[in-house]
Amino acid sequence: MHYEGLIIRPPSEAGSILLQATVGCSHNKCTFCGTYKGQRFKIKPLEVVLEDIAYAARHMRHQRRLFICDGDALIMPQARLTAILEAIRRELPWVTRVGLYANAKSIGRKSPEELVELRSLGLGIAYLGVESGDPETLEAVRKGARAATLIRAGQRVRAAGIKLSVTVLLGVAGRARGETHARATGGLLSAMDPDYVGALSLMLLPGTPLHTAHREGRFALPDAHGLLRELREMIAHTDLTDGLFHANHASNHLPLRARLPRDKARALALLDEALAGRVALKAEFLRAL
């Protein structure tokens, strides 16, 4: 396989074939992210991607899922993306689901008909990093999209029949605005109604603007209990039709998995117990990205 740079994939794609069709991230301006710093975004030549699909056909016959890397593969022109999906279907007929990362810009560039076409060719899930539903926080972290734009993007993915997995970030608003961020994010998730939500906890990475702001005293990171309060507030304000809410990433202090609305009361009760000190939290040295 022809891999370039750092390959990132969602935790749920750990066992998937990783097919790199783009390098880097088309936005690459978020203040908290250090993944692709210094790396210029590019779309890889189609012949290279097709060679990798042929390699997977020979050597990866037991993997049922495939993830198209890198940071925003949906930004590729429709003709390029359909050619890749058609090759996957032709050469890897045992693959049951294809996934990729998306952002509001790349979703907005696709017409509803184009999204439906991608679904018909095997695109089964899109991963959308939302981070926050709070307008002030989105602007501060240079997300590049407003809350209303993110909501519309998520709704368009779901309307096309593509499963939607959304990532939100605890702590990204700092201590002073944490609860506002949590409530607004719950409202955004309710309006978007994704199939999956993954709540991660912010971990400051050296070299990122947010890490610099923290070092200079311009950004205060919430402590463990502050992050748990955010999570409780977020879940309390999130109403999903039938969505799975995960907060069991390695960065989180308290593993939590709840199907909403069914498990909402149970999740809130667990968080109340943890905030009261009756449930042990993960040791700090065990937390990681």
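Numbers below:
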quantity: Single unsatisfied condition, residue 173 versus (1) within 21 Å of residue 246 (Cβ to Cβ); (2) in contact with a strand residue (DSSP E or B) (Cβ under 9 Å, 6 or more places away or on another chain); (3) among the hydrophobic types (A, V, I, L, M, F, W, C); calculated: (2)
quantity: Scan of the stretch 141-166 for residues that are crowded, with 19+ Cβ neighbours inside 10 Å and polar (S, T, N, Q), ordered by number; calculated: 165
quantity: Filtered residues of the stretch 44-70 (kept if of a type in the set (Asp, Glu) and without any contact (Cβ under 8 Å) to a residue 12 or more places away in the chain); calculated: 47
quantity: Residue 250 vs. criteria of a type outside the set (Phe, Trp, Tyr), under 27 Å from residue 126 (Cα atoms), under 22 Å from the mean Cα position of the chain (by Cα) and surrounded by 21 or more Cβ atoms within 10 Å (Cβ to Cβ); calculated: no
quantity: Within the stretch 261-285, considering residues that are of a type in the set (A, V, I, L, M, F, W, C) and without any contact (Cβ under 8 Å) to a residue 24 or more places away in the chain, the one surrounded by the fewest Cβ atoms within 10 Å (Cβ to Cβ); calculated: 285
quantity: Residue 239 vs. criteria in a helix (DSSP H, G or I), surrounded by fewer than 19 Cβ atoms within 10 Å (Cβ to Cβ) and either touching a residue at least 40 places away in the same chain (Cβ under 8 Å) or among the hydroxyl-bearing types (Ser, Thr, Tyr) (or both); calculated: no
quantity: Verdict on residue 227 being in contact with a Lys or Arg (Cβ under 9 Å, 6 or more places away or on another chain), of a type in the set (A, V, I, L, M, F, W, C) and at negative phi; calculated: no
quantity: Total residues in the stretch 107-144, condition among the aromatic types (Phe, Trp, Tyr) and out of contact with any strand residue (DSSP E or B) (no Cβ under 8 Å at 6 or more places or on another chain); calculated: 0
quantity: Of all residues in the stretch 105-140 being touching a Leu at 6+ places or on another chain (Cβ under 7 Å) and among the hydrophobic types (A, V, I, L, M, F, W, C), the one that is surrounded by the fewest Cβ atoms within 10 Å (Cβ to Cβ); calculated: 121
quantity: Check on residue 166, under 14 Å from the mean Cα position of the chain (by Cα) and modelled with pLDDT of 95 or more; calculated: yes
quantity: Flag for residue 204 being within 20 Å of residue 30 (Cβ to Cβ), touching a helix residue (DSSP H, G or I) at 6+ places or on another chain (Cβ under 8 Å) and at pLDDT below 95; calculated: yes
quantity: Residue pairs meeting the criteria (Cβ under 6 Å; at least 6 apart or on separate chains; first of a type in the set (D, E, K, R), in the stretch 106-122; second at pLDDT 95 or above); calculated: 114/78; 119/160; 119/161; 119/162
quantity: Only listed residue being in contact with a Pro (Cβ under 8 Å, 6 or more places away or on another chain) and either at pLDDT below 95 or closer than 20 Å to residue 179 by Cβ (or both), chosen from 223, 239; calculated: 239
quantity: Among the candidates 228, 244, residue that is within 25 Å of residue 165 (Cβ to Cβ) and in a helix (DSSP H, G or I); calculated: 228
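The values are calculated or read from the model by the stated rules, or taken from the named source; none is laboratory data. Keep in mind that what you see is a predicted model, and the values were worked out from it rather than measured. Counting neighbours? That spans all protein chains shown, and the Cβs are built from the backbone with ideal geometry, glycine included.
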